[in-house]
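So the structure is just underneath, and the comments pick up after that.
The values are calculated or read from the model by the stated rules, or taken from the named source; none is laboratory data. What you see is a predicted model; the values in this text were computed from it and never measured. FYI the Cβ positions are ideal-geometry reconstructions off the backbone, even for glycines, and counts take in every protein chain you see. Calculation scope for accessible area: heavy atoms of the full protein, side chains included, ligands and nucleic acids excluded. Shrake-Rupley method; radii C 1.70, N 1.55, O 1.52, S 1.80 Å.
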Amino acid sequence: DAPGVVLGGFGRGEGSEQCFDVLQSTVARLPPQQLRYLPGTWTPREMVLAVERGVDLLDASFALKAASEGYALAFDFHRAAGRGAAHADAARDSPPPEVLGADPTKINLWAVGYKRSQEPLVRGCQCYCCQRHTRAYVHHLLDTHEMLGEVLLGVHNVHHLVEFVKFLRSTVEQGEVRQRLLQYFHPAWAGG
């Protein structure tokens, strides 16, 4: 008996609803004691849906892909679930999101609006990058094509994703929390 299974072949062009219907049907046929690993680049919303359907393990490819594109993950999942803010809003005291190429889940460190920002990537974050470096420094590294910029963003993003998955693990069984998380990531997704 294998200790687990890899659920491959998902997210390859089928619609989100079809993907998660097939995933749920597949997981239901597996022995409950086997770990279920879903590899690939999954958004936070899709992670909520996958865990809800019985997936045990996910990877950090979403976090690393965002880092390679110059994004720092900044979604406040505690606030999204109605549990109060874990940290201050990442974009507070910054130019408007449309100027920075940001959205509620991430900030774009390529944006010139961060050129002089002495803020950490995300206030209150305990990762190595946020404790030691500023948005301006990471912006400079990206702007000069220094590999360290992407590395620091990767450190932050993986830390942020791990904290999110810890939180998700402790709350996904509560339907109200699921709806709030999905609503936060995108209002149109709340029904999905």
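Restrict the check to the range 83-90 and report whether at least one residue is out of contact with any Phe, Trp or Tyr (no Cβ under 7 Å at 6 or more places or on another chain), modelled with pLDDT of 95 or more, farther than 21 Å from L58 by Cβ and not in a helix (DSSP H, G or I). Steps first, please.
Within the range 83-90, the subset out of contact with any Phe, Trp or Tyr (no Cβ under 7 Å at 6 or more places or on another chain) is 83-90.
Filter again for modelled with pLDDT of 95 or more, leaving none.
Taking every residue of the range 83-90 in turn, none turns out to be out of contact with any Phe, Trp or Tyr (no Cβ under 7 Å at 6 or more places or on another chain), modelled with pLDDT of 95 or more, farther than 21 Å from L58 by Cβ and not in a helix (DSSP H, G or I).
Whether any residue in the range 37-58 is modelled with pLDDT of 90 or more, surrounded by 19 or more Cβ atoms within 10 Å (Cβ to Cβ) and not hydrophobic (A, V, I, L, M, F, W, C) is what I want to check.
No.
Restricting to the range 31-74, what's the tally of residues that are assigned to a helix (DSSP H, G or I), over 19 Å from L109 (Cα atoms) and in contact (Cβ under 8 Å) with a residue 60 or more places away in the chain?
The number of residues fulfilling the criteria is 7.
In the range 8-24, what residues are free of Cβ contacts under 8 Å to residues at least 12 places away in the same chain, open to solvent by less than 50 Å² (accessible area, probe 1.4 Å) and part of a helix (DSSP H, G or I)?
Keep residues of the range 8-24 that are free of Cβ contacts under 8 Å to residues at least 12 places away in the same chain, which gives 9, 12-15, 18-19, 21.
Subset that is open to solvent by less than 50 Å² (accessible area, probe 1.4 Å): 15, 19.
Answer for the range 8-24, where residues must be free of Cβ contacts under 8 Å to residues at least 12 places away in the same chain, open to solvent by less than 50 Å² (accessible area, probe 1.4 Å) and part of a helix (DSSP H, G or I): just C19.
Could you grab me the full set of residues in the range 143-156 that are surrounded by fewer than 21 Cβ atoms within 10 Å (Cβ to Cβ) and either of a type outside the set (A, V, I, L, M) or outside any helix (DSSP H, G or I) (or both)?
First, the residues of the range 143-156 that are surrounded by fewer than 21 Cβ atoms within 10 Å (Cβ to Cβ): 143-148, 150-151, 154-155.
Within the range 143-156, D143, T144, H145, E146, E150, G154 qualify.
Check the range 148-164 and report whether any residue there is closer than 29 Å to L58 by Cα and among the polar types (S, T, N, Q). If you could, list the steps in order and put the result at the bottom.
Going through the range 148-164, the residues closer than 29 Å to L58 by Cα turn out to be 148-164.
In the following step, the residues that additionally are among the polar types (S, T, N, Q) were identified as 157.
Looking for residues that are closer than 29 Å to L58 by Cα and among the polar types (S, T, N, Q), one finds at least one in the range 148-164, hence yes.
Only one of (1) modelled with pLDDT under 85; (2) farther than 14 Å from K166 by Cα is not met by H78, so which one is it?
Going through (1) modelled with pLDDT under 85; (2) farther than 14 Å from K166 by Cα one by one, H78 breaks only (2).
Just to check your reading of the model, which residue among A111, A102 is at pLDDT 70 or above, over 15 Å from F77 (Cβ atoms) and aliphatic (A, V, I, L, M)?
Values: A102 fails: at pLDDT 70 or above.
From the options A111, A102, the qualifying one is A111.
Residues H140, H159: which one is surrounded by 15 or more Cβ atoms within 10 Å (Cβ to Cβ), more than 17 Å from L64 (Cα to Cα), at pLDDT 95 or above and out of contact with any helix residue (DSSP H, G or I) (no Cβ under 7 Å at 6 or more places or on another chain)?
Values: H159 fails: more than 17 Å from L64 (Cα to Cα).
Criteria check complete, one pass: H140.
Quick one: how many residues across the range 101-135 are surrounded by 15 or more Cβ atoms within 10 Å (Cβ to Cβ), outside any loop (DSSP other than H, G, I, E, B) and hydrophobic (A, V, I, L, M, F, W, C)?
If we filter the range 101-135 for residues that are surrounded by 15 or more Cβ atoms within 10 Å (Cβ to Cβ), which is where we start, we get 101-111, 113-114, 117, 119-123, 125, 127, 129-130, 133-135.
Now narrow it down to the ones that are outside any loop (DSSP other than H, G, I, E, B): 103, 106-108, 113-114, 129-130, 135.
Within this subset, residues satisfying the condition of being hydrophobic (A, V, I, L, M, F, W, C) are 107, 129-130.
The total comes to 3.
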